[in-house]
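A.B. asks: Starting off with a structure, shown below.
The values are calculated or read from the model by the stated rules, or taken from the named source; none is laboratory data. Remember, it's a predicted structure, so these values are computed and weren't measured experimentally. Heads up, the Cβs are rebuilt from the backbone with ideal geometry, glycines too, and the neighbour counts pull from every protein chain shown.
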Amino acid sequence: MAHQTETQLVVYQAYKPAIAAYAVANQLLGGPDFNYGRMSWIKPNFLWMMYRCGWASKENQERVLALWLDKTAFDEILGQAAFSTFTAGNYASEGEWKKDLASKAVRLQWDPDHSPYGAKLNRRAIQLGLKGDVLERFGKQQVRLIEDITDFVQAQRQHVDKRLLEQLIIPQERIYVPANPSVALTVGLDSHTA
């Protein structure tokens, strides 16, 4: 699931204020507090990001960014992904998985999606860990727009805290289907139509 237009989609990240301020001001990831030597995780699902960052309340995750990128770039990232853990059915053997994991700079995890209150749902949400050249290309070239949505997140958290879900506003998300069917198969997507 992702908030998307015909040609672009949004992924979310939560950072400490210094990293977020630099990213918004410069429209790229970087600055003295950002470390391209570490893995950085992107999430296209808004409520999964809210669960992860506690609606912008966890330490070093106080600022939430919406990063827009072209779907072609997202598909490129997906095509370079290896599953974080071995699961029978995704690979012929554990050895094949280890080889794939060692050769790729993107980690893929299917985690439970979450309700606004943080309860696990049956539906799965994807998160992608980027490192090395893939992370640098994402952070410096592929991102088209970086928006700080922290104020929006904090306003919506008030509705959740007061259990007023009828007032909660979240981005409209729909199923994302990669343009290349082999990429969808590689990352374990069920067959769906957008």
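A.B. asks: Would you check if there is a residue in the stretch 128-141 being surrounded by 15 or more Cβ atoms within 10 Å (Cβ to Cβ) and part of a loop (DSSP other than H, G, I, E, B)?
C.D. replies: yes
A.B. asks: At least 3 residues that are not aromatic (Phe, Trp, Tyr) in each: list the strands (runs of 3 or more DSSP E) lying fully within the stretch 42-121 that qualify. Don't jump to the end; show me each part of the working.
C.D. replies: On the way: elements: 63-70, 81-83, 106-114.
Correct list: 63-70, 106-114.
A.B. asks: Tally the residues that are among the basic types (Lys, Arg) and buried (at least 18 other Cβ atoms within 10 Å of the Cβ), restricting the search to the stretch 105-127.
C.D. replies: Of the residues in the stretch 105-127, 1 are among the basic types (Lys, Arg) and buried (at least 18 other Cβ atoms within 10 Å of the Cβ).
A.B. asks: Sticking with this one: Report, by residue number, each residue of the stretch 94-128 that is of a type in the set (A, V, I, L, M, F, W, C), farther than 29 Å from residue 161 by Cα and touching a residue at least 40 places away in the same chain (Cβ under 8 Å).
C.D. replies: Applying the first criterion (of a type in the set (A, V, I, L, M, F, W, C)) to the stretch 94-128 yields 97, 101-102, 105-106, 108, 110, 119, 121, 125-126, 128.
Right, trim to farther than 29 Å from residue 161 by Cα and you get 97, 101-102, 105-106, 108.
Passing the criteria: only 108.
A.B. asks: Mind checking which residues of the stretch 47-65 are surrounded by fewer than 20 Cβ atoms within 10 Å (Cβ to Cβ) and of a type outside the set (Ser, Thr, Tyr)?
C.D. replies: 54, 58, 59, 60, 61, 62
A.B. asks: Does residue 26 fit the bill of being farther than 18 Å from residue 131 by Cβ and over 12 Å from the mean Cα position of the chain (by Cα)? Break it down into steps so the answer makes sense when it comes.
C.D. replies: Details: farther than 18 Å from residue 131 by Cβ: yes; over 12 Å from the mean Cα position of the chain (by Cα): yes.
Spelling it out, residue 26 is indeed farther than 18 Å from residue 131 by Cβ and over 12 Å from the mean Cα position of the chain (by Cα).
A.B. asks: For the stretch 149-181, how many residues are touching a residue at least 60 places away in the same chain (Cβ under 8 Å) and either among the aliphatic types (A, V, I, L, M) or within 21 Å of residue 74 (Cβ to Cβ) (or both)?
C.D. replies: Matching residues across the stretch 149-181 total 13.
A.B. asks: Ok, one more. Assess whether residue 66 counts as being among the small types (Gly, Ala, Ser), at pLDDT 90 or above and within 16 Å of residue 128 (Cβ to Cβ).
C.D. replies: yes
A.B. asks: Of the residues that make up the stretch 31-51, is at least one under 14 Å from residue 134 (Cα atoms), among the polar types (S, T, N, Q) and touching a residue at least 40 places away in the same chain (Cβ under 8 Å)?
C.D. replies: There is at least one residue in the stretch 31-51 that is under 14 Å from residue 134 (Cα atoms), among the polar types (S, T, N, Q) and touching a residue at least 40 places away in the same chain (Cβ under 8 Å).
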